[in-house]
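See below for the structure under consideration.
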Amino acid sequence: MMFDNIRVHARWKFRNDGGQLKCEKCGYTKHTELCHIKSISSFPKETLVSIVNDRSNIMFLCPNCHWELDHSL
């Protein structure tokens, strides 16, 4: 799996599904980051991109909320 391609696909899928690029936790709109709830590297290499990028596994978060999620806060 190439992580960059997976992230590009996730952004495309999110926008095509009508998602708005704002933090899904606090609503901040100036800067958001794609966040995989279950990390890309935790999937076996043969996992389909559509599984890794399932809507239930991706979020857009501001940098602060992303950091808090990554550090279980």
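Every read-out reported here was derived from the displayed coordinates using simple, explicitly stated rules and does not represent laboratory data. These numbers come from a predicted model, not from an experiment. Cβ placement follows ideal geometry from the backbone for every residue including glycine, while neighbour counts extend to all protein chains displayed.
Using just the helices of the chain, give the 222 nm mean residue ellipticity in deg cm²/dmol: DSSP H runs with n ≥ 4 each add -39,500 (n - 2.57), and the total is spread over all residues, rounded to 500.
Helix contribution divided over all residues of the chain: -10000 deg cm²/dmol.
With a cap of 16 neighbouring Cβ atoms within 10 Å, and only residues DSSP puts in a loop, list the trypsin sites (Lys or Arg not before Pro) found in the chain.
Answer in residue order: K22, K25, K30, K38, K45.
Give the residue from H66, N16, F43 lying farthest towards the positive end of the charge dipole for the chain; charges sit on Cβ (+1 for Lys and Arg, -1 for Asp and Glu) and the dipole is referred to the Cα centre.
Toward the positive end, the furthest listed residue is N16.
Could you give the size of the charge dipole of the chain about its Cα centre, using +1 on the Cβ of each K and R and -1 on the Cβ of each D and E, expressed in debye and rounded to the nearest 20?
200
Step through the residues of the stretch 66-72 one at a time and calculate ³J(HN,Hα) from phi using the Karplus curve (6.51 cos²θ - 1.76 cosθ + 1.60, θ = phi - 60°), rounding each to whole Hz and writing x for Gly and Pro.
For the stretch 66-72, the Karplus curve yields 5, 4, 4, 5, 5, 10, 6 Hz.
Convex hull over the Cα atoms of the chain, averaged projected area in nm²?
With every direction weighted equally, the projected area is 4.8 nm².
Can you count the Lys pairs in the chain with C-alpha separation below 22 Å, eight or more apart or on different chains?
Lysine pairs meeting the criterion: 8.
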